[in-house]
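**Student:** Sharing a structure below in structure tokens format, with a few things to ask.
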Amino acid sequence: MEKICFIVAMRAEVKPFIEEYGMVEEPGFFAPLPCQLYKAEKNGCQLFVVLNGQQHGSDLVGCEAASVATNVAIQRLDPDIIVNSGTCGGFRSEGAEIAKVFIGNGAMFHDRRVPGDDEWSTQSIGNYSVWEGSAEMAASLGFSMGKVTTGSSLDMQPCDLEVIKANGGQLKDMEGAAIGFVASLYGKPVLYIKSVTDLCDGGAETIEEFRRNLHAASLALREADRRVIEYLSGL
Ligand code: ADE
């Protein structure tokens, strides 16, 4: 693969990675959108990081910003693969631990409630597929896999958990399925790399656990990103 594009929500998640690769920002590349582009070359590959950007003084997390970033990244950069690298909540009951990194084996929404058992409810869940080489890569690099489940909130309501459990969700985030949705419109493959900051079934306050573990999870993410790039650049 020659052009690899990482889509990332938060600066803290990608800072160690940008530093490791000496990535350089191209200011204003996506103006007037807030998305930010960082570039580097590695093993003959063009590496891009597209951050959602900031508004009102904080990083833009969530589905809307991730959709905008994915859309403009594909249109302007035409990458061979989209890599959504970020943090997530995990379930201890599904083998999650703080700062453990998973590769996604699918992506779904858990908070788009449309009752019924027809095409509308199917669409609301999403169920986007991942890059076809994900499982082989995860096995070869020794990563566990999990299904990414996306919603617009950091907390988890009982109705979210019900949908997550009914559909096999395992890694709770706020962007993955939105990125999968946009990529599916273009037929672009998506690879998910997710590092756990908090345990959805651990009993701790999510936001505090998230803040406490963000740096450790981001360091684990950098190491995983590095190994994934080595792998992808050899394909
Ligand atoms: N990102 C990190 N932890 C999360 C959680 N528990 N829910 C949604 N997004 C997250």
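The values are calculated or read from the model by the stated rules, or taken from the named source; none is laboratory data. Just so it is clear, the structure is predicted and the values come from calculations on it, not from any experiment. Positions of Cβ are backbone-derived with ideal geometry, glycine not excepted, and every protein chain shown enters the neighbour counts.
**Student:** Count, please, the residues in the range 4-19 that happen to be within 10 Å of the chain's Cα centre (by Cα) and either among the β-branched types (Val, Ile, Thr) or modelled with pLDDT under 95 (or both). Don't jump to the end; show me each part of the working.
**Tutor:** Within the range 4-19, the first condition is being within 10 Å of the chain's Cα centre (by Cα), and the residues that meet it are 6-9.
Imposing the further condition that a residue be either among the β-branched types (Val, Ile, Thr) or modelled with pLDDT under 95 (or both) reduces the set to 7-8.
Qualifying residue count for the region: 2.
**Student:** Which one of Gly116, Gly151, Gly126 is of a type outside the set (Phe, Trp, Tyr) and within 23 Å of Ala96 (Cα to Cα)?
**Tutor:** So the residue among Gly116, Gly151, Gly126 that is of a type outside the set (Phe, Trp, Tyr) and within 23 Å of Ala96 (Cα to Cα) is Gly151.
**Student:** So the check is Cβ under 6 Å with 6+ separation or different chains; which pairs have a first residue in the range 139-159 that's farther than 12 Å from Asn105 by Cβ and a second one that's away from the ligand (no atom under 15 Å from the Cβ) and at pLDDT 95 or above?
**Tutor:** Leu141/Arg227
**Student:** Further question: Identify, please: which residue in the range 178-224 is in contact with a Phe, Trp or Tyr (Cβ under 7 Å, 6 or more places away or on another chain) and among the acidic types (Asp, Glu) and is, among those, surrounded by the fewest Cβ atoms within 10 Å (Cβ to Cβ)?
**Tutor:** Asp201
**Student:** I'm told Val163 meets every condition in (1) without any contact (Cβ under 8 Å) to a residue 60 or more places away in the chain; (2) within 16 Å of the ligand (Cβ to nearest atom); (3) in contact with a helix residue (DSSP H, G or I) (Cβ under 7 Å, 6 or more places away or on another chain); (4) farther than 28 Å from Cys35 by Cβ except one. Can you identify the failing condition by its number?
**Tutor:** (3)
**Student:** Ok, one more. What pairs come out if I take residues in the range 190-215 that are of a type in the set (Gly, Ala, Ser) and pair them with residues that are assigned to a loop (DSSP other than H, G, I, E, B) and more than 9 Å from the ligand (Cβ to nearest atom) whose C-beta lies under 8 Å away, six or more apart or interchain?
**Tutor:** From the range 190-215, the pairs are Ser195/Ala99; Ser195/Lys100.
**Student:** Here's another thing I want to ask about it. For the range 43-58, check the following and say yes or no: at least one residue is surrounded by 14 or more Cβ atoms within 10 Å (Cβ to Cβ) and within 14 Å of the ligand (Cβ to nearest atom).
**Tutor:** Taking the range 43-58 first, the residues surrounded by 14 or more Cβ atoms within 10 Å (Cβ to Cβ) are 45-54.
Next cut, within 14 Å of the ligand (Cβ to nearest atom) only: 52.
Looking for residues that are surrounded by 14 or more Cβ atoms within 10 Å (Cβ to Cβ) and within 14 Å of the ligand (Cβ to nearest atom), one finds at least one in the range 43-58, hence yes.
**Student:** Can I ask one more? Filter the range 166-197 down to residues that are among the polar types (S, T, N, Q) and within 15 Å of the ligand (Cβ to nearest atom) and give me whichever is farthest from Asn52 (Cα to Cα). First the steps, then the outcome.
**Tutor:** To start, the set of residues in the range 166-197 that are among the polar types (S, T, N, Q) comprises 167, 170, 184, 195, 197.
Next, only the ones that are within 15 Å of the ligand (Cβ to nearest atom) stay: 170, 195, 197.
Working: Gln170: 24, Ser195: 18, Thr197: 20 Å.
Filtering the range 166-197 for residues that are among the polar types (S, T, N, Q) and within 15 Å of the ligand (Cβ to nearest atom), the one farthest from Asn52 (Cα to Cα) comes out as Gln170.
**Student:** While we're on this one: Would you kindly identify the helices (runs of 4 or more DSSP H) lying entirely within the range 97-193 that contain at least 2 residues that are under 27 Å from Ile74 (Cα atoms) and of a type outside the set (Asp, Glu)? Break it down into steps so the answer makes sense when it comes.
**Tutor:** Numbers: elements: 119-125, 134-141, 158-166, 176-186.
So the answer is 119-125, 134-141, 176-186.
**Student:** Being assigned to a loop (DSSP other than H, G, I, E, B) and touching a helix residue (DSSP H, G or I) at 6+ places or on another chain (Cβ under 9 Å) is the filter here; which residues of the range 21-55 pass it? Please lay out each step first, then the result.
**Tutor:** Of all residues in the range 21-55, those assigned to a loop (DSSP other than H, G, I, E, B) come to 21-23, 26-35, 43-44, 52-53.
Selection gives Tyr21, Met23, Phe29, Phe30, Leu33, Pro34, Cys35, Asn43, Gly44, Asn52, Gly53.
**Student:** What number of residues in the range 76-96 are in a strand (DSSP E or B) and crowded, with 24+ Cβ neighbours inside 10 Å? Let's see the steps before the verdict.
**Tutor:** Of all residues in the range 76-96, those in a strand (DSSP E or B) come to 81-90.
Keeping just the survivors that are crowded, with 24+ Cβ neighbours inside 10 Å gives 82-90.
The qualifying residues number 9.
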